[in-house]
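Heads up: the structure comes next, in structure tokens.
Taken together, the values in this text are just the output of simple stated rules run on the coordinates, not laboratory data. Keep in mind that what you see is a predicted model, and the values were worked out from it rather than measured. Every residue, glycine as well, gets a Cβ built from its backbone with ideal geometry; the counts of neighbours run over all protein chains shown.
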Amino acid sequence: MTVRRIRVIPDPALRQKAKRVTRINDSTQRLIDDLVETMRAAPGVGLAAPQVGVSLRVIVVEVPEEPLYTLVNPEVVKKSGERRVEEGCLSVPGYKATITRSVSVTVKAQDRTGKPCRIKATGLLAQALEHEIDHLNGILYIDYLSSMDELVPVGASETEGEGALTSGI
Ligand code: NI
């Protein structure tokens, strides 16, 4: 496994719509392993393939008290409720902001073996899933702000991205 370089804004890789994975092969497995290692090294609670410059629909999410999710072709098929949350992103280092996310989401995906799976999530897991799936569509959380003045600088010790800014994770 290798820690890959995380792209930061304004890297154009972050703005591409990622392609569906049609065949899960050795390089997909390597990508998933590297995403997990890169996420943990950051450290963060989620990472999407476009953040390491790979335009494929693959994400990894690992929030406290939940298993590691490695998802291929994930999509939000249902969401409900709204809540205001603090959020950051490894690709937007040094900042956080408060945005609106769903209270709960249902995500349909394939696991790393290609088997279809469905995840019902709330809380930080739902937030992280929405955040990472946004990355696959070239969307960053800062796109939800009406002004960049809403960005709050954070100290280097708390720049964990992908939703980890909440509650001192
Ligand atoms: Ni992010």
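About its Cα centre, how strong a charge dipole does the chain have in debye, to the nearest 20, once Lys and Arg get +1 and Asp and Glu get -1 at the Cβ? Present the calculation step by step, with values, prior to reporting the outcome.
On the way: 22 positive and 22 negative charges, 166 e Å.
That gives a dipole near 800 debye.
For the chain, calculate the relative contact order in percent as a whole number, restricting contacts to Cα pairs under 8 Å that are 6 or more residues apart. Could you put the intermediate results ahead of the total?
On the way: 372 pairs, mean separation 44.2, N = 169.
Dividing the mean separation by the residue count of the chain yields 26 percent.
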Response to the item:
Most exposed to least, judged by fewest other Cβ atoms within 10 Å, 101, 4, 84 sort to 84, 4, 101
Item to complete: On a 0 to 90° scale, report how tilted helix 123-136 is relative to the longest principal axis of the chain, with both axes built from alpha carbons and the result rounded to the nearest 10.
Response: 70 degrees
Item to complete: Hand me the GluC sites (Glu not before Pro) from region 38-103 located in a DSSP loop with no more than 12 other Cβ atoms within 10 Å, in residue order please.
Response: 65, 82
Worksheet item: Given the options 26, 134, 111, which has the most mean-square fluctuation in a GNM of the chain, springs set between C-alpha atoms less than 10 angstrom apart?
Response: 26
Discussion item. Can you compute 3J(HN,Hα) from phi for each residue in region 108-116, using the Karplus curve 6.51 cos²θ - 1.76 cosθ + 1.60 with θ = phi - 60°, rounded to whole Hz and x for Gly and Pro?
Written reply: 9, 7, 10, 7, 6, 9, x, 6, x
Item to complete: Just the ratio, please: alpha-carbon radius of gyration of region 1-57 over 2.2 N^0.38 Å, N its number of residues.
Response: 1.08
Worksheet item: Quick one: helix 26-41 against the long Cα principal axis of the chain, what's the angle to the nearest 10°, folded into 0 to 90?
Response: 30 degrees
Worksheet entry | Distant-in-sequence amide H partners of residue 4 (H built 1.01 Å from N, under 5 Å) | 38
Worksheet item: Taking only the alpha-carbon positions of the chain and ignoring solvent, what does the Debye formula give for the base-10 log of I(q)/I(0) at q = 0.17, 0.18 Å⁻¹?
Response: -0.99, -1.12
Response to the item:
region 5-81 and region 112-157 have their Cα centres apart by a whole-number Å value of 11 Å
